[in-house]
Amino acid sequence: MTAAEEHVLLRTEGRAAHLTLNRPKALNALTHSMVRRIDAALTAWEHDPAVETVIITGTGARGLCAGGDIRSIYEDVRAGNTASAGFWRDEYRLNARIARYPKPYVAVMDGIVMGGGVGVSAHGSVRIVTERSRIAMPETGIGFVPDVGGTYLLALAPGELGTHLALTGARIGAGDALLCGLADHFVPSEDLPRLLADLTARPVHDVLPAYVREAPPGELAGHRPWIDACYRADTVEEILARLRAHGSRAAAESAGTLADRSPTALKVTLAALHRARGLGPLERVLEQEYRISCAALASHDLAEGIRAQVIDKDRSPHWTPATLAEVTETDVARYFARPAGGGLHLAATAQEVPW
Ligand code: QUE
């Protein structure tokens, strides 16, 4: 068995085809070979008349997927290599493919679903959350910027909730994921085995209604007033000033979180979200994220952030530049330039594919 064969289990059961992320010691973090294997399975199942529904789940008790294999990215950056660009190319292409997949793609977003895990789930057509769901785009904490279509999804969230989630990397539960448009249905985790068993015999849209329950209420709806008031600003400096001036504990806590994040990542993230609002389809936004990711590969903060959060786990990254004031508009603009190795080009929509 190759590593990819072990790390993504493929099986069909009746009418359902299962993708099971199976790297539980790394919280199912996605490697390049896992991305390629998922893509190959989607190709095979797309043309297999016996397959009616594709389902993605993760093994282990902790959840679907913690993100990308950022240890490999760390080693790549440290060695001055750019293999990670090839990983992102295939990963973002897969994210777009999931969004356009012609069969129901059921994502079981149970437990931890972060970064790359959001990319292989939140673009699906049937996104299920449970009482255990913990969803986040935490990239600014590793000196990176929300990718895998995260800036597309968060730019579409109500008001400025997506700006808050992208900048702070805050984790949300099921109710808030539904509110923010990252998920469609709440199903209690204890009912998932029966739901998946039913999908072997019947279409998802027939089966699902009997399992869907009202989600426990989230927290963000009650925070909309200060989130919208503070985050609807043109600069990170202005957002931080408004959060500090607001006077509520919640706003002060968010200000504290932002103060710990990479100043460069914060400014690039805000610019990426604002630009995403005018880019149109997911594919255009993924192309922008690819330019940003390639630029981040040459940055100081990405390697330092991964070191501090995942390698050494000292949780005290030394960002360079260390303050927002030192990050210039020219520094930010560099993240939106065409990469030296060429950009990513994705067909805009299924309709625009020329056949
Ligand atoms: C931000 C991230 C990631 C992260 C922590 C962050 C991420 C990721 C992991 C992760 C977690 C556990 C593992 C692993 C990677 O942590 O993307 O290999 O075992 O994959 O603050 O974006």
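Quick one: in the stretch 35-61, which of the residues that are surrounded by 14 or more Cβ atoms within 10 Å (Cβ to Cβ) and small (Gly, Ala, Ser) is farthest from Ala4 (Cα to Cα)?
Gly60
What residue, of Asp191, Asp228, is part of a helix (DSSP H, G or I) and under 23 Å from Val113 (Cα atoms)? Step through it out loud before you land on a result.
Numbers: Asp228 fails: under 23 Å from Val113 (Cα atoms).
Every option except Asp191 fails the conditions.
Among the residues of the stretch 237-267, which ones are in contact (Cβ under 8 Å) with a residue 24 or more places away in the chain, surrounded by fewer than 19 Cβ atoms within 10 Å (Cβ to Cβ) and not small (Gly, Ala, Ser)?
If the condition is that a residue be in contact (Cβ under 8 Å) with a residue 24 or more places away in the chain, surrounded by fewer than 19 Cβ atoms within 10 Å (Cβ to Cβ) and not small (Gly, Ala, Ser), then Glu237, Thr257, Asp260 are the ones that fit.
What are the residue pairs meeting all of these: first residue in the stretch 127-143, first residue part of a helix (DSSP H, G or I), second residue aromatic (Phe, Trp, Tyr), Cβ atoms under 7 Å, and 6 or more apart or on different chains?
Correct list of pairs: empty, since none qualify.
Kindly evaluate Leu64 against the criterion of being of a type outside the set (Lys, Arg), surrounded by fewer than 22 Cβ atoms within 10 Å (Cβ to Cβ) and within 16 Å of the ligand (Cβ to nearest atom). Break it down into steps so the answer makes sense when it comes.
Working: of a type outside the set (Lys, Arg): yes; surrounded by fewer than 22 Cβ atoms within 10 Å (Cβ to Cβ): no; within 16 Å of the ligand (Cβ to nearest atom): yes.
Taking the combined requirement at face value, the residue does not satisfy it.
For the stretch 119-141, enumerate the residues that are within 9 Å of the ligand (Cβ to nearest atom) and more than 20 Å from Phe336 (Cβ to Cβ). Give the steps one after another, and end with the answer.
Residues of the stretch 119-141 that are within 9 Å of the ligand (Cβ to nearest atom), as a first pass: 136-141.
Ala136, Pro138, Gly141, listed by residue number.
Could you tell me which residue of the stretch 86-118 is nearest to Gly173 (Cα to Cα), considering only residues that are away from the ligand (no atom under 13 Å from the Cβ) and in contact with a Phe, Trp or Tyr (Cβ under 8 Å, 6 or more places away or on another chain)?
Quick first cut of the stretch 86-118, residues away from the ligand (no atom under 13 Å from the Cβ) only: 86, 89-90, 92-110.
Narrowing the set further to residues that are in contact with a Phe, Trp or Tyr (Cβ under 8 Å, 6 or more places away or on another chain) leaves 89, 92, 98, 103.
Working: Arg89: 29, Tyr92: 25, Ile98: 23, Lys103: 27 Å.
Per the stated criteria, the residue is Ile98.
Cβ-Cβ below 8 Å, separation at least six or inter-chain, first residue in the stretch 3-27 and at positive phi, second surrounded by 15 or more Cβ atoms within 10 Å (Cβ to Cβ) and in a helix (DSSP H, G or I): which pairs?
none
Considering only the stretch 5-22, how many residues are within 16 Å of the ligand (Cβ to nearest atom) and either under 18 Å from the mean Cα position of the chain (by Cα) or at pLDDT below 95 (or both)?
Kept after step one, since they are within 16 Å of the ligand (Cβ to nearest atom), are these residues of the stretch 5-22: 6-8, 21-22.
Now drop any that are not either under 18 Å from the mean Cα position of the chain (by Cα) or at pLDDT below 95 (or both), which leaves 21.
Number of matching residues: 1.
The values are calculated or read from the model by the stated rules, or taken from the named source; none is laboratory data. What you are looking at is a predicted structure, and each value in this text was computed from that prediction instead of being measured. Positions of Cβ are generated from backbone atoms using ideal geometry, with glycine treated the same way; all protein chains shown enter the neighbour counts.
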